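To keep things clear, I will list the structure first and then write my remarks on it.
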Amino acid sequence: MKELQLGEFEEIVLLTVGILHGNAYGVTIRNEIENRLSREVSVGALQTTLRRLEKKGFVKSAHGEGNQARGGRPKLYFTITAHGQKAISSSRETRNALWDALPQLIAKPE
Amino acid sequence: MGNINQQPPHFFRKLFRGFCKPSLHPYLEGDLLEHFQEKAQTHGLKKARWRFAKDVIKLFRPGIIRSFIPSQKLNHADMFKHNLLITLRNVKRDFSSFIINLLGLVTALTTSLFIYLWITDEASVNDFHIKGDRLYQVFLNEPTPYGVETDPGTQVQLAGTLKDEFPEVDQSAAVIPYEWFDGEKFVLSDGGERFTSSRNQFATKDYFQLFSFNIIRGNQAALLNDKRSVVISAELADRLFKSYDAVGKTLEWLHEDYGGLYQVSGVFETLTSSSTQQFDAVFHFDIIKEDEGDSWLEWTESDPSTFVTLKPKANPELFNDKLSKLVKSKNNNLQSYLFAQPFPDTYLYDRFENGIPVGGRISYLKLFGLIAVFILLIASINFMIMSTARASKRMKEIGIKKAMGAERAHIAMQYLIESVSITMIALIISLALTWLFLPQFNQMAGKQISMDLDPELILYLILAAITTGVLAGSYPALYLSGFNPVRALKGQLSKSLNGQITRKTLVVFQFAISTILTVAVIVVSQQINLIQSKDLGFDKENLIWFTMGKTDSEKNGGVDGLSPERIESFLQLLNNTPGVQHSSNFAHNVLGAYGTTTGLSWDGKDPAVNALFAQIAGGYEFIETMGMEMKVGRSYSRDFSSDLDKIILNETAMAAIGYENPIGKSINLWGQDREIIGVVKDFHIDMLYQDIKPAFISLSSNDFASQVMVRMSAGDHKATIDRIKQVYEDYFIAGIPFEFQFLNEDYQRFYAREFRAGVFTQYATAIALFITCLGLVGFASFTLQRRLKEIAIRKVLGSTPWQVLALLFRSFLILVLTAMVIALPASFFISKSWLDTFAYRVDLEIWFFLVAGLSVMLITIATVGYQTLRVSRTNAVEHLSLDQ
């Protein structure tokens with residue numbers, strides 16, 4: 001179970017990579033998060049998280065094309081792996097289980 | 001995207017390129033640029049630039065930053081292991097030079113460790129007082145015809161005045177230390193039959209607030225509140241009451257002036273040698289103050305030591321400034337002035353010249369610290385010489401490593417690891433040796449140092465070992481790592497003479513230091529010989545002295561002293577004892593401590609001159625007992641009833657007064673005319689640092705002179721002393737301990753510092769010479785190795801072994817001679833400056849330097865002699881085929 005655990009920001013990034021499905025690279029991931037969650041994301045935080053996710057085997061990266069706006073630098077595309085999918089579903093299940101338990105907890109006193 | 005030439009901030013882009021990991025760099029820079037372009041379109045250029053900068057700065061985090069250590073792919077642990085392995089192999093291959101290096105380093109580290117222990121111990125004297133940083137001792141400077149004399153004795157009123165009139169003074173104390181009584185033995189009893197001698201001092205109320213003596217019984221704040229209270233040491237409590245719980249008990253002091261019953265108000269932990277103030281019991285200052293009377297309060301008098309603590313923010317310079325004007329403001333006729341020295345400094349800076357502290361113990365500390373550094377340096381140089389000399393043997397190794405891609409830094413690191421690991425081994429051995437020889441060292445240094453391996457010391461030691469290792473390894477590391485790999489692989493040493501010249505310079509340096517130390521040994525031992533054999537004007541051998549005991553009537557009344565009759569009859573008994581030649585009572589201590597007075601006047605005295613005379617008070621036969629000689633006239637004699645108002649002067653005093661035929665003339669002492677009956681030949685009572693002062697000997701038959709000096713016949717002192725002890729115990733109250741001292745031992749103690757310096761110098765020199773010679777053996781074997789072929793050719797061409805020998809010796813002796821040229825003048829100046837501190841000193845003679853130079857040279861020849869001889873006698877054919 002432990003290897004499936006995700007931090008809060010890790011979870012957001014992983015979900016966003018999933019949402020972008022095939023078009024996930026530094027710029028799009030960041031824009032997506034900033035637009036959806038309206039919070040500012042620094043390139044540094046995002047990149048280190050992506051590396052960490054890659055190291056854990058939740059995403060994998062692939063070399064892509066460059067363009068003029070990037071000064072010709074290549075893109076690095078990220079896609080979610082099967083292991084990564086397992087991790088987000090597991091995280092969702094954990095939370096659901098917790099949510100399910102919540103009313104009982106409130107009802108319990110007396 | 002029409003405005004593609006909108007650029008992000010150049011500096012931040014560069015910065016990013018500088019620190020980003022190469023593997024991430026293109027993608028990240030792409031992302032950053034794309035963001036920038038987007039932002040520029042939506043939010044404008046300015047905002048985009050700001051954001052770019054912010055992003056770059058936020059990228060500065062682990063995971064993104066690249067490693068700045070070059071060739072990060074090398075496995076450091078493996079390289080380290082490899083280097084250690086190579087070190088070990090080299091040790092095995094060249095065991096003799098390893099031993100030479102190790103021996104040198106062990107000796108040097110052990111010596112330095114001892115010197116370090118000694119220095120820290122000396123520096124820790126008196127530093128246990130909590131208020132030490134604002135604790136001052138006040139000294140009195142007295143201008144005299146012989147320069148300004150500095151005296152710890154200050155005015156009785158000073159302590160109180162400072163506290164009342166100086167707002168910056170926090171607390172003050174006046175102390176009459178035990179030394180003030182010049183060796184007089186005080187006897188205490190428990191009120192019954194248990195007697196013991198004690199070092200008593202007087203101090204004012206706040207004494208135990210200023211100084212942090214450890215009070216183990218009693219109330220620290222109220223120790224000397226009562227006039228009849230006394231604070232005693234744990235050891236004295238044990239001697240008197242067989243228990244530390246002495247508070248509230250009563251003790252009796254048997255003394256004609258201060259005698260009586262006192263109540264113990266506190267017990268302090270027995271003092272160790274880390275305190276310069278040494279005493280067993282502290283009595284209330286008012287006891288002695290009332291005994292001395294009102295005249296003692298005058299500003300012309302100077303007796304007690306005065307100590308003050310300043311308030312935390314007070315300025316000591318301003319305080320000193322005000323202090324220097326104090327005496328004049330109290331009595332306009334006085335020329336003396338006061339100054340305060342930080343109390344913790346009084347031990348190390350205890351020599352004053354013209355009223356200013358100029359050093360003292362601190363100079364020996366610095367000197368030996370320097371010697372320790374030099375000895376370490378000599379050992380490090382050995383290491384340098386040996387490693388560079390063996391370079392040819394390791395050339396191929398270096399060549400191969402370089403060819404395989406090793407950088408210069410790696411090879412340098414390898415040599416540094418080698419030298420540091422050898423130093424570490426040496427450190428461990430020398431720690432064991434230090435621990436082993438500490439008792440002997442303590443005996444030699446007169447100390448009780450214990451070696452506590454606290455973390456701080458261990459840290460220092462490791463730092464010292466690393467520094468020495470790096471120092472020793474630095475030059476070889478630089479030299480060897482600089483080889484050209486191609487030439488090294490071919491086996492060609494660099495053609496430059498650099499290596500050789502550096503090696504020779506280092507050898508010369510070692511010999512120079514050894515020679516300077518050798519001269520120092522000769523000069524110091526000559527001066528010590530002078531101290532030992534100097535005709536002092538009296539005979540210090542066969543003399544013992546002690547304080548007279550108390551008689552019964554005194555014990556009952558407790559006030560009357562020994563009457564002149566009682567003293568006389570005791571001396572008669574002594575004189576009748578077999579083995580005793582002469583005996584006499586006297587006052588003060590014969591060495592160093594004596595009274596001085598300006599109260600002498602005569603016809604034609606220049607009133608402007610503040611003539612200061614030393615006063616010696618002795619009984620009949622004092623001059624005979626001491627073995628002094630009369631120049632003219634006679635000494636005091638019992639045959640003349642009126643000798644008590646006569647006077648005897650020494651030669652210097654006679655010269656100062658200037659009478660041509662002094663005998664029978666009169667001179668005025670303290671308002672009373674006295675007839676001069678004799679002139680005694682000059683004698684030394686000060687240390688030989690000082691000129692002989694004018695002095696007079698007055699006759700004292702009463703208990704002012706309560707010490708007894710006894711001259712014994714040479715021979716069986718023990719039997720004589722046993723008989724004297726018997727007379728003493730029969731005459732005085734039984735149970736009062738008979739404690740005597742040999743004057744000769746006092747004299748040895750007087751110069752303990754000089755003798756110790758002498759012994760230290762001898763050891764240091766022997767060690768320096770030993771290490772230098774070790775290095776020389778290594779150096780010689782290397783040089784000879786390289787000249788084998790040359791020697792073979794010379795022999796083939798007809799040189800005799802003797803010619804070869806001379807040739808080889810010449811090359812070593814040139815080095816030694818160069819060292820002499822540097823060292824001898826340097827040692828001349830160093831010796832001269834040391835000797836100049838003595839008023840009576842040996843002259844620097846040419847033979848000191850000749851002997852030092854010759855002995856260093858002989859040692860050199862003896863060291864390299866065998867090797868050289870062997871090489872000069874080898875068969876020439878064997879070495880002609882060498883391909884070096």
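The values are calculated or read from the model by the stated rules, or taken from the named source; none is laboratory data. Note that the structure is predicted; figures quoted are calculated from it, not measured. With ideal geometry, Cβ positions are generated from the backbone for all residues, glycine too; neighbour counts draw on all protein chains shown. With ligands, DNA and RNA removed, areas are computed over all heavy atoms of the protein, side chains included. Shrake-Rupley method; radii C 1.70, N 1.55, O 1.52, S 1.80 Å.
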(message) From Cα pairs below 8 angstrom and at least 6 apart in sequence, can you work out the relative contact order of chain B, rounded to a whole percent?
(response) 14 percent
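For B:I215 and B:S642, calculate 0.36 nm times their separation in residues minus their Cα-Cα distance, and state this gained length in nm to one decimal.
Result for the pair: 148.4 nm of gain on full extension.
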(request) Would you kindly find the accessible area of B:V680, with a 1.4 Å probe and non-protein molecules such as ligands, DNA and RNA excluded, rounding to the nearest 10 Å²? (result) 0 Å²
(message) Between B:F829 and B:N484, how high is the FRET efficiency from 1/(1 + (r/R0)^6) when r is the Cβ-Cβ distance and R₀ = 41 Å? Nearest 0.05.
(response) 0.35
(request) Using Cα pairs closer than 8 Å and at least 6 residues apart in sequence, work out the relative contact order for region B:781-884, in percent. (result) 59 percent
(request) Would you mind checking region B:733-765 for residues with the amide N under 12 Å from a putative spin-label position 7 Å along Cα→C-beta of B:M687? (result) B:749-757
(request) Determine the order of A:R73, B:R51 by accessible area, beginning with the largest, at a probe radius of 1.4 Å. (result) A:R73, B:R51
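At 1.4 Å probe radius, can you tell me the per residue accessible area of region B:698-789 in Å²?
Using a 1.4 Å probe on heavy atoms only, each residue of region B:698-789 averages 40 Å².
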(message) Students sometimes get this wrong: rank B:V590, B:V632 by accessible area, probe 1.4 Å, all chains present, largest first.
(response) B:V632, B:V590
(request) Give the ranking of B:W435, B:W299, B:W253 by solvent-accessible surface, highest area first, calculated with a 1.4 Å probe. (result) B:W435, B:W299, B:W253
(request) Quick one: work out Rg over Rh on the C-alpha atoms of chain A, Rh as Kirkwood radius. (result) 1.10
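Would you compute, from DSSP H runs of 4+ residues alone, the mean residue ellipticity of chain A at 222 nm, taking -39500 (n - 2.57) per run and dividing by the full residue count, rounded to the nearest 500?
The per-residue figure over chain A is -19500 deg cm²/dmol.
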(message) If you take each beta carbon of peptide B:119-125 and count the beta carbons of other chains within 10 angstrom, what is the mean?
(response) 0
(request) Would you please give the residues with an amide H less than 5 Å from that of B:R217, counting only those at least 5 places away or on a separate chain, with H modeled from the backbone geometry? (result) B:V267
(request) Within a 10 angstrom radius of each residue's Cβ in B:50-62, how many Cβ atoms of other chains show up on average? Whole number is fine. (result) 3
(request) Could you rank the peptides B:82-94, B:803-815, B:204-216 by their average count of other C-beta atoms within 10 Å per residue, with the highest value first? (result) B:204-216, B:803-815, B:82-94
(request) Could you pull the accessible area for B:L573 with a 1.4 Å probe, rounded to 10 Å²? (result) 80 Å²
(request) Over all alpha-carbon pairs in the protein assembly as shown, figure out the percentage whose distance exceeds 57 Å. (result) 43 percent
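What is the calculated FRET efficiency for B:L45 to A:A101, with r their C-beta to C-beta distance and R₀ = 51 Å, to the nearest 0.05? Could the numbers behind the result be given before it?
Numbers: r = 53 Å, r/R0 = 1.03.
Approximately 0.45, to the nearest 0.05.
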(request) Please report the buried accessible area for the interface of A with B, total over both chains, probe 1.4 Å, in Å² to the nearest 100. (result) 2100 Å²
(message) Give the average, rounded to an integer, of partner chain Cβ atoms located within 10 angstrom of each Cβ in B:758-768.
(response) 0
(message) Can you give me the % of accessible surface on region B:281-331 that is carbon or sulfur? Probe 1.4 Å, all protein chains present, nothing else counted.
(response) 45 percent
(request) Bin width 10 Å, alpha-carbon pairs only: give the P(r) of region B:132-345 as whole percents, running from 0 to the bin holding the largest distance. (result) 8, 33, 34, 19, 6, 0
(request) Could you pull out the pairs from B:K504/B:K789; B:K490/B:K795; B:K185/B:K534 whose alpha carbons sit more than 23 Å apart here? (result) B:K490/B:K795; B:K185/B:K534
(request) Please give the calculated 222 nm ellipticity per residue for chain B, where each DSSP H segment of at least 4 residues contributes -39500 (n - 2.57) and the sum is spread over every residue; nearest 500 deg cm²/dmol? (result) -16500 deg cm²/dmol
(request) Run the quick spin-label model on B:S713 and B:K665: label points 7 Å from Cα toward the beta carbon, then report their separation in nm to one decimal. (result) 4.2 nm
(request) Along Cα→Cβ, 7 Å out, is where each label goes; now give me the distance between the ones at B:Y866 and B:K789 in nm to one decimal. (result) 2.9 nm
(request) Between B:L261 and B:E845, take the C-beta separation as r, use R0 = 56 Å, and let me know the FRET efficiency to the nearest 0.05. (result) 0.35
(message) Using the Cα atoms of chain B, I'd like the radius of gyration and the largest Cα-Cα distance, Dmax, both in angstrom.
(response) 37.8, 132
(message) For B:N333, project a label point 7 Å along Cα to C-beta. Then give me every residue of region B:569-604 with its amide nitrogen under 18 Å of that point.
(response) B:597-602
(message) Once the cut-off is 22 Å, how many percent of the Cα-Cα pairs in region B:376-472 end up in the long-distance tail?
(response) 47 percent
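Could you pull out the chymotrypsin sites (Phe, Trp or Tyr not before Pro) across region B:107-192 that fall in loop regions by DSSP (anything but H, G, I, E, B) with no more than 12 other Cβ atoms inside 10 Å?
Working: sites: B:F114, B:Y116, B:W118, B:F128, B:Y136, B:F139, B:Y146, B:Y178, B:W180, B:F181, B:F186; in loops: B:F128, B:Y146.
Answer in residue order: B:Y146.
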(message) Using only the Cα atoms of region B:550-735, what semi-axes does the equivalent ellipsoid have when each is the square root of 5 times a gyration tensor eigenvalue? Give whole Å, largest first.
(response) 32, 19, 15
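Using the membrane-span-like helix rule (whole DSSP H runs, Cα extent along the own axis of at least 15 Å, mean Kyte-Doolittle hydropathy at least -0.5), which helices of chain B qualify?
The answer, listed by residue number, is B:76-93, B:95-123, B:361-389, B:408-445, B:455-481, B:498-533, B:564-575, B:752-786, B:801-835, B:846-872.
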(request) Can you pull the one-decimal nm distance between simple spin-label points at B:D606 and B:S124, each 7 Å off the Cα toward Cβ? (result) 5.3 nm
(message) Exceeding 22 Å between C-alpha atoms, which entries from my cross-link table qualify? They are B:K131/B:K163; B:K227/B:K289; B:K328/B:K693; B:K681/B:K718; B:K325/B:K605.
(response) B:K328/B:K693; B:K681/B:K718; B:K325/B:K605
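If each residue of separation counts as 0.36 nm, what is the full-extension length gain between B:F437 and B:V358 once their alpha-carbon separation is subtracted?
25.0 nm
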(message) Give me the net charge for the shell around B:R194: Cβ to Cβ below 11 angstrom, other residues only, Lys and Arg +1, Asp and Glu -1.
(response) -1
(request) With all protein chains present, calculate the accessible area of B:I522 using a 1.4 Å probe and round the result to the nearest 10 Å². (result) 20 Å²
